[in-house]
Structure formats: C-alpha cells, structure tokens
C-alpha cells in the first residue's frame with residue numbers, strides 16, 4: 001500500500017501555488033488527451049474509494065469516470081462520516097484497501113478528522129463549507145483560455161457559502177484578486193479566510209472590469225427583495241469586458257441569481273467550464289499518485 005504524507009486536498013490552499021499551477025496546466029493537456037482518446041494510464045493499479053455522503057452528481061461522476069479512464073479501480077463505498085462507526089475506525093478500514101479516498105460529505109470537520117487518521121491521501125469532493133475541486137476546474141478552464149491566472153480579477157456575486165469560500169481559499173494560494181459583491185449581511189467574515197487578495201463590496205460596478213464572474217444560489221428566497229439588485233442579466237454582462245468569463249454555479253435558478261438571457265449571453269460559458277472539472281480532478285489525482293510514489297520510494 002502506498003502511503004502519502006501531507007497530500008490531502010481538503011481546502012484549496014492546502015496546496016502551494018506551484019503545485020496548483022502544475023495541476024491546472026496538466027488539466028489542459030489531459031483535456032486534449034480526453035478528446036483525442038489517448039488518456040494516459042497514470043492511475044494504473046490505484047485503488048480509489050469514492051464516498052458520496054450527501055448527494056450531488058457532477059464531480060463524483062467525473063471522479064468515477066476519470067479514475068477508470070486512467071486505469072484506476074474506483075469503488076463506491078457506502079460509508080457515512082456521520083454514521084455509527086467512529087471516523088478514526090473508518091480511516092483504518094479504508095487504509096486496508098485503498099490508496100486514495102475521495103469524499104463528498106456535509107461537514108469539513110469530519111473530513112479533517114478522516115484525513116488526520118488515514119494514511120491514504122483524502123480529497124474533498126465537496127462539503128457545505130467549501131468546494132475546492134469545483135474552483136480548481138474553473139481555474140483550469142480560465143487558464144486554458146487566458147494562458148495563465150496571475151493578476152486575474154474574479155468577482156463572486158454570491159453569499160458566504162461553499163463556492164465563494166473555495167475561491168477565497170484560492171486567493172490565499174494564488175496571485176489573484178477575489179472580490180465578493182453581495183449585501184453586507186452575507187459577507188465573508190471568517191478570519192481564517194480574510195487575506196490581502198480578497199475584499200468585500202456591495203457595488204455591482206465591480207463586475208465591469210472583472211476577468212471572471214461567478215454566482216451561487218440566493219442565500220434565501222425570503223431575502224429576494226435584497227438580492228434582486230444582485231441578479232445577473234444580459235444587460236449587466238453587456239457592460240462587462242468583452243472577454244469576461246461568466247460562470248453561473250449549477251444548479252442555476254433562472255429568475256433568481258441569473259436571468260434566462262444571461263444564460264444565453266456569449267460571456268456565459270457554463271458547460272465548457274464544467275467540462276474542465278473532469279480534467280482538473282484527473283490532474284489532481286495523477287499529481288497525488290505521483291507524489292505518493294515518490295514518498296514511498298524514500
């Protein structure tokens with residue numbers, strides 16, 4: 001069994017900038033390989049547990065597909081981190097059989113506990129607190145279009161929730177500017193996330209010079225009167241840079257955080273962006289596997 005030290009991906013800034021940049025550059029190459037039908041067998045023989053503890057389908061399906069395409073063995077383990085078995089015990093049992101553990105679960109604290117006890121590296125496939133693979137995939141797409149990420153201005157019209165938080169985590173690791181544009185009541189206040197590359201605003205004019213704009217679901221339907229001013233429409237996107245990339249976070253609720261005409265706007269590249277979720281996750285798993293082999297050989 002291959003053992004990897006400090007190879008977990010629980011929060012975006014768990015990885016240093018050079019590792020993130022290598023992964024998103026590799027994602028572009030793996031995307032080309034995917035469409036050309038020549039995927040490398042870089043996970044050959046790797047045994048990967050996929051634990052889905054709270055629904056969802058996009059990134060867990062992509063993990064399953066990517067593992068198989070690169071020669072790995074993916075097993076859906078019907079495990080719950082909030083069940084009767086202690087998380088420390090689960091870590092030991094999973095270590096008996098698996099080289100990597102991919103988990104989508106509600107609580108980040110539970111994932112941290114699993115990673116603290118498991119010898120195998122643990123990948124966060126989503127929690128209620130953050131969604132680092134989603135942001136990694138979005139950045140891989142942006143990198144493929146722009147040739148880099150340094151100096152990007154990324155505006156999130158979103159509440160303090162998992163999508164925004166992972167972009168803020170990315171601003172800790174990378175030389176990018178992330179701006180949250182939303183009413184004050186839903187601004188990020190967690191001191192662990194506040195950093196010089198992240199700032200707060202209520203001004204929708206921040207979108208006009210943004211390289212990337214993303215949204216998330218409304219904080220609550222009851223707050224509609226406060227949030228109407230933050231709905232993204234084609235009219236708003238027409239005022240933005242002509243090369244701006246608009247990434248509405250699925251599932252999109254037309255008529256709430258976005259309008260139907262915004263989804264049809266040329267800036268909206270949702271499907272193309274989310275294609276890179278597969279490629280970025282593949283690059284992440286490949287990177288983790290390579291680091292684990294290096295660690296085991298020492």
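The values are calculated or read from the model by the stated rules, or taken from the named source; none is laboratory data. These numbers were taken from a predicted model, which means no experiment stands behind them. Counting neighbours? That spans all protein chains shown, and the Cβs are built from the backbone with ideal geometry, glycine included.
One line per residue, one yes/no per condition, for (1) crowded, with 21+ Cβ neighbours inside 10 Å; (2) in contact (Cβ under 8 Å) with a residue 40 or more places away in the chain; (3) in a helix (DSSP H, G or I); (4) in the same structural domain as residue 244 (by TED's automatic domain parsing):
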site	(1), (2), (3), (4)
101	yes, yes, no, no
125	yes, yes, no, no
141	yes, yes, yes, yes
144	no, yes, yes, yes
155	yes, yes, no, yes
166	yes, yes, yes, yes
195	no, no, no, yes
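When you scan segment 238-254, do you find a residue that is surrounded by fewer than 15 Cβ atoms within 10 Å (Cβ to Cβ), touching a helix residue (DSSP H, G or I) at 6+ places or on another chain (Cβ under 7 Å) and not in a loop (DSSP other than H, G, I, E, B), even just one? Yes, that holds for at least one residue.
Residue 171 fulfils the conditions (1) touching a helix residue (DSSP H, G or I) at 6+ places or on another chain (Cβ under 7 Å); (2) in a helix (DSSP H, G or I) except for a single criterion, (1).
Farther than 19 Å from residue 149 by Cβ, assigned by TED's automatic domain parsing to the domain that holds residue 178, touching a residue at least 24 places away in the same chain (Cβ under 8 Å) and surrounded by 13 or more Cβ atoms within 10 Å (Cβ to Cβ): is that true of residue 207 in this structure?
Values: farther than 19 Å from residue 149 by Cβ: no; assigned by TED's automatic domain parsing to the domain that holds residue 178: yes; touching a residue at least 24 places away in the same chain (Cβ under 8 Å): yes; surrounded by 13 or more Cβ atoms within 10 Å (Cβ to Cβ): yes.
Answer is no for this residue.
Residue under question is residue 278, and the condition is that it be part of a loop (DSSP other than H, G, I, E, B), under 18 Å from the mean Cα position of the chain (by Cα) and crowded, with 18+ Cβ neighbours inside 10 Å; does it hold?
Taking the combined requirement at face value, the residue does not satisfy it.
Within segment 226-233, does at least one residue satisfy the condition of being free of Cβ contacts under 8 Å to residues at least 60 places away in the same chain, part of a helix (DSSP H, G or I), in contact with a helix residue (DSSP H, G or I) (Cβ under 8 Å, 6 or more places away or on another chain) and within 24 Å of residue 170 (Cβ to Cβ)?
Residues of segment 226-233 free of Cβ contacts under 8 Å to residues at least 60 places away in the same chain: 226-229, 231, 233.
When the remaining residues are screened for being part of a helix (DSSP H, G or I), the result is 226-229.
From the residues that got through so far, the ones that are in contact with a helix residue (DSSP H, G or I) (Cβ under 8 Å, 6 or more places away or on another chain) too are 226, 229.
So of that shortlist, the ones also within 24 Å of residue 170 (Cβ to Cβ) come out as none.
No, that holds for no residue.
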